[in-house]
Structures are given as structure tokens and as C-alpha cells.
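Where a number appears in this text, it was derived from the coordinates with a stated rule and is not lab data. Just so it is clear, the structure is predicted and the values come from calculations on it, not from any experiment. Counting neighbours? That spans all protein chains shown, and the Cβs are built from the backbone with ideal geometry, glycine included.
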Amino acid sequence: MNEESRKERDILMVMRKVLASVIKDTTPEFKTMKHPLSANTIEDIRQCLRLIAAREMELADAAGEARQRPYFKDEKREAEVIPISKIGGLNKDAPED
């Protein structure tokens, strides 16, 4: 990846974080409250986030990187890390046969 594409990815990441912060800060605490942003502004923010995501994917494809996909904290990952101490035969407390 060259310096120019790295800089562009950094800019896109900052823009995405700023837009997410604006959304977080302006979202009313209760759904019954009126949103301070207009419907057009909300849709414009959505469009910006879509464009940012699309460009990030283009840059990742051009760099030959694997696609990253978001996941939930409670979502089980494909690979599970098992501590060495849990592997059979390595536990010092286990009685030897």
C-alpha cells in the first residue's frame, strides 16, 4: 500500500468516526423525543457512511487485503483461542498415570 492510499484510508476512518460521534451525540435518549436533525440530514449522513464504506472496500481490494467484517462481542468467532494451561497433559495439578 502506498503512502497516498494510506493517507486516504486514514482520512476515511476519521470521517467515519466523526459522523458516528455526531449520530451518537444527537440521538435522543428516548424514542418518543424528536430528533434534532432533519430527516434529510439523517439521510445525507447515511449516504456519506455508505460512500465511505464503499471507498474503504475499494482501497482494501486494491491493496489485496482480506475483507474485514464487523462482529458482535457475543458472536462466536470461527477460531477459538484455548489457553495452553487448558490443554491436556500440561496441567501441573492433574495426577499422572
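Points to keep in mind about this one:
- Other residues lying with their Cβ under 14 Å from the Cβ of ILE42 contribute a combined charge of +1, Lys and Arg counting +1, Asp and Glu -1.
- Computed over neighbours whose Cβ is under 15 Å from that of VAL14, the net charge equals +3, Lys and Arg +1, Asp and Glu -1.
- Sequentially through segment 26-32, phi angles give Karplus couplings (6.51, -1.76, 1.60; θ = phi - 60°) of 9, 6, x, 5, 10, 5, 6 Hz, Gly and Pro residues having no value and appearing as x.
- In Hz, Karplus ³J(HN,Hα) per residue of segment 33-45 (6.51, -1.76, 1.60; θ = phi - 60°; x = Gly, Pro): 7, 6, 6, x, 8, 6, 4, 5, 5, 4, 5, 4, 5
- Residue (of ILE84, ALA20, ASN40) at the positive-pole extreme of segment 1-92, dipole from beta-carbon charges: ILE84
- Assigned charges on the beta-carbon of Lys, Arg, Asp, Glu; segment 1-92 dipole about Cα centre (debye): 440 debye
- Candidate cross-link partners of LYS86 among the lysines, defined by an alpha-carbon separation under 20 Å and a same-chain spacing of 8 or more, comprise LYS76.
- Translational diffusion of segment 1-66, estimated by Stokes-Einstein from the Kirkwood radius over alpha carbon pairs at 4 °C in a medium of 1.567 mPa s, is 96 µm² per second.
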